[in-house]
Amino acid sequence: MPETGGIPFRGNRNGLTNAPQIIFAVVLTSAIVLWSLPVIGLVVNSFRPYTNATSEGWWTVFTNPVFTLDNYRTALSYGEIYSGFVSSVLITFPTTALVVVTSAAAAFALIWTDLPYRRALYAFMIALLVVPPEITLYPTLVILKGVGLVNTYPGIWMSHVSSALPFGVFLLGSFFAQIPRELIEAAKIDGARTHDIMLLVVVPLSGSALASLATLDFLWVWNDLLRSLIIIPDQSLRPLTAVLANSAGGYGQYITVQAAGATLLMIPPLIIFLLAQRAFIRGVIAGALKS
Amino acid sequence: MLVAPALALVLLFQVVPVFYTLRLSVAEGPGFHMTGYVGLENYERLFSDSKFLKTNRFPPKGALINSIQWIVVAVPAVILIGLVVALAADRARFQSLIRGAFFLPMVISGTVVGIIWLFVFAPNPDVGLLNAMTGGKQSWLGDPVTVNGSLMAAWIWAQTGISVVIIAAALKGVPVDLVDAARVDGASGWRVFWHVTLPSIRIPMAFLVTTQLVQVLKVFDVVFVMTRGGPAGLSRTLALLFYEQTFVSINPQYGAAIVVILSVLIVAAFAIARRFSEAEVEENNA
């Protein structure tokens, strides 16, 4: 075996030898600390009494552990943050369900039925992936105003769903296309109707793709700010992102309440991420294309 | 008709809006009433608008310059840090710790990222971690010299996770026998990295560069939350300028011109990536 300078050659499979590995270990450790501190700071501040949070940095919590739940009490009794959280839930859950259902139906129809022009339609949906949402926002506002759906949940649901559809059809379509033709044909011979094939054959086989789409879409919608600012100008109906973004920096003495609000806003994505980490990462790898 | 709802939604909220915006950008008339065409006037006006591009002094300023600055600084930073972390994490222990630290920032909203970093950059050293560490009272977000770098730091912190995920997945696909063969031939660790590992992951890397480029062009949340484009508009990005002009100053025609330019840049990024990957495929088939 080749040896370099008398030292037995040991390296990982990417060709890096011991010295870089030690450097990497140091870099990695410092990076982990550096990346964790900002989040820890936010969470600690959300549990700190206001006077402590502003007179001694959150890092003194280790020597002076004073905690309170007051910031959360204030955040939840404070109308905007509470109603913002409720709005976020009422916007995100229906949108996610609608995206999965409409994308699955469309992808199935475009892949596995004899719909005329289905190939052209599929290509058209995929082509829409390059349309940046920003260019559609003002006309969307105009259209929704025209039908009286500005400041309503159905209005923002439709806006979000239409924006997520090309990605949904792309992700599910490429997955559905891998289902063996024999399975579909066999179901047809057994007399299954189109809807049965979709619901009893294709959907049960596509759990992982549906989960990826649901996870990614949940995060996009829950975390959205720009669209919410535009489609829901009414403060009392806005999701938590828009509520917190508007008050950011301007809260003055309420920075700890703001920290509590931001922590609340962070919790659902965290839960989703912990529960569906694999689905999420698969989705990101499959299609960071869209976002 | 299974495809009808999807088709109706994308036609109404994507196809129609794209044409509407294109038309609006060359139209005149208040609000919704397009009364006539002005040709490229809105676009010409952009280039004499100091908010968009200010070239009468060096260095040039404006939203366009800021967005270019983000492309030049933030995109390479996200990718380089992601590469180093992914390489280091490839065989490291405590994988869950690594995941927790880098992946959490990527699933939380830009709004939360902004609030988190408002704390880090707080001028009061009894609140802001950065000033506590440097022992100063620097107003990181209020100082024209540091504001853009500070915003980009928050952004880089949030985006590194995606970079790590994609590069780590790509590294798993590097052919082990190729690396071993290079070693048998006596190549050093770094040479193996440059000549074997890096070329093997160039397609995912190109993909990452494209998506980061597009993301950076669209930067809005972090800037909106942390500075609103200030001080004195010095941290305004193209997406923020579009938002201000369209929805705050209620000048949708002008906003349309900005968002058309933004969209052209984004579509161009996609097109370049596509050509790159097609050339790549042909090369492999040859």
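The values are calculated or read from the model by the stated rules, or taken from the named source; none is laboratory data. None of the values given here were measured: they were computed from a predicted structure. So basically every Cβ, Gly included, is an ideal-geometry build from the backbone, and we count neighbours across all protein chains shown. When the accessible area is computed, the model is the full protein with side chains, heavy atoms only, and any ligands, DNA or RNA have been set aside. Shrake-Rupley method; radii C 1.70, N 1.55, O 1.52, S 1.80 Å.
Could you tell me the distance between the Cα centroids of region A:36-109 and region A:144-172, to the nearest Å?
What the calculation gives is 25 Å, centre to centre.
In Å², what does the accessible area per residue of region B:208-286 work out to with a 1.4 Å probe?
Ligands and nucleic acids excluded, the result is 38 Å² per residue.
Run the dipole for region B:167-286 about the Cα centre, Lys and Arg Cβ at +1, Asp and Glu Cβ at -1, nothing else charged, and hand back the magnitude in debye, nearest 20.
It works out to roughly 400 debye.
Quick one: putting +1 on the C-beta of Lys and Arg, -1 on the C-beta of Asp and Glu, what dipole do you get for region B:41-285 around its Cα centre, in Debye to the nearest 20?
Magnitude of the dipole: close to 460 debye.
Placing +1 on the Cβ of each Lys and Arg and -1 on the Cβ of each Asp and Glu in region B:26-100, which of B:SER50, B:ALA74, B:ALA89 has its Cα farthest towards the positive end of the resulting dipole?
Looking along the dipole axis, the top candidate is B:ALA89.
Restricting to Cα pairs below 8 Å that are 6+ residues apart, what does the relative contact order work out to for region B:41-285? Please round to a whole percent.
25 percent
Which of the aspartates and glutamates could a cross-linker bridge to A:LYS145, judged by Cα under 16 Å and excluding same-chain residues fewer than eight apart?
Result set, ordered by chain and number: A:ASP234.
Based on the Kirkwood radius over alpha-carbon pairs, what is the Stokes-Einstein translational diffusion coefficient of the protein assembly as shown at 37 °C with 0.692 mPa s viscosity, in µm²/s?
Result for D is 128 µm²/s.
In region B:41-285, carbon and sulfur make up what percent of the accessible area (probe 1.4 Å)?
Carbon plus sulfur share of accessible area: 62 percent.
Measure off, as a whole percent, the carbon and sulfur share of the 1.4 Å-probe accessible area of chain A, all protein chains present.
Carbon and sulfur atoms account for 69 percent of the accessible area of chain A.
So how much accessible surface do B and A hide from each other in total, probe 1.4 Å, in square angstrom to the nearest 100?
8300 Å²
For region B:213-257, state which residues have at least 40 Å² less accessible area in the presence of all protein chains than in their chain by itself, taking the probe as 1.4 Å and leaving out ligands, DNA and RNA.
B:LYS218, B:PHE220, B:PHE224, B:ARG228, B:PHE242, B:TYR243, B:PHE247
Would you mind classifying region A:72-287 by shape? Square roots of the alpha carbon gyration tensor eigenvalues, ordered a ≥ b ≥ c; an a/c under 1.5 is rounded, otherwise it is prolate if a/b is larger than b/c and oblate if not.
Judged from the Cα gyration tensor, region A:72-287 comes out prolate (a/c at least 1.5, a/b above b/c).
By how many nm would the segment from A:TYR153 to A:TYR117 lengthen if fully extended, with 0.36 nm per residue of separation less the alpha-carbon distance?
9.6 nm
Once you charge only the Cβ atoms, +1 for Lys and Arg and -1 for Asp and Glu, what is the size of the charge dipole of region A:107-254 about its Cα centre, to the nearest 20 debye?
Its charge dipole is roughly 220 debye.
Once each part is reduced to its C-alpha centroid, what is the distance from region A:208-279 to region A:176-204 in angstrom?
Going from one Cα centre to the other spans 38 Å.
Rolling a 1.4 Å sphere over the protein heavy atoms, what is the accessible area per residue of region A:141-214, to the nearest Å²?
Heavy-atom accessible area per residue stands at 45 Å².
Note the full-extension length gain between A:ILE267 and A:VAL203 as 0.36 nm times their separation in residues minus their Cα-Cα distance, in nm to one decimal.
Full extension of this stretch gives 20.1 nm more.
Would you mind classifying region B:55-120 by shape? Square roots of the alpha carbon gyration tensor eigenvalues, ordered a ≥ b ≥ c; an a/c under 1.5 is rounded, otherwise it is prolate if a/b is larger than b/c and oblate if not.
oblate
Put +1 on the Cβ of every Lys and Arg and -1 on every Asp and Glu Cβ in region A:53-211; which of A:PHE93, A:TRP59, A:ILE126 then has its Cα farthest towards the positive end of the dipole?
A:ILE126
Longer than 28 Å from Cα to Cα, which of B:LYS51/B:LYS218; B:LYS172/B:LYS218; B:LYS61/B:LYS137 are they? Say none if no pair is.
Where the Cα-Cα span goes over 28 Å, the pairs concerned are B:LYS172/B:LYS218.
Order of B:158-166, B:126-134 by packing, highest average Cβ count within 10 Å first?
B:158-166, B:126-134
Based on the inverse mean of 1/r over its pairs of different Cα atoms, what is the Kirkwood hydrodynamic radius of region A:67-173, in Å?
16.2 Å
Please work out, to two decimal places, the log10 of the ratio I(q)/I(0) at q = 0.15, 0.17 Å⁻¹ from a Debye calculation in which every Cα of region B:41-285 carries one identical scatterer.
For the requested q values the scattering log ratios are -1.11, -1.27.
Would you mind giving the mean number of other chain beta-carbons within 10 Å of the Cβ of each residue in B:259-269, as a whole number?
Neighbouring Cβ atoms belonging to other protein chains average 3 per residue here.
Return an integer: the convex hull volume of the alpha-carbon atoms of region A:192-279, in Å³ per residue.
122 Å³
Set Lys and Arg Cβ to +1 and Asp and Glu Cβ to -1, take the dipole of the protein assembly as shown about its Cα centre, and tell me which of A:LEU28, B:GLY135, A:VAL284 lies farthest positive.
After comparing all options, I get B:GLY135.
For the protein assembly as shown, what does the helix formula give at 222 nm: sum of -39500 (n - 2.57) over DSSP H segments with n ≥ 4, over the residue count, nearest 500 deg cm²/dmol?
Helices in the protein assembly as shown give a 222 nm mean residue ellipticity of -21000 deg cm²/dmol.
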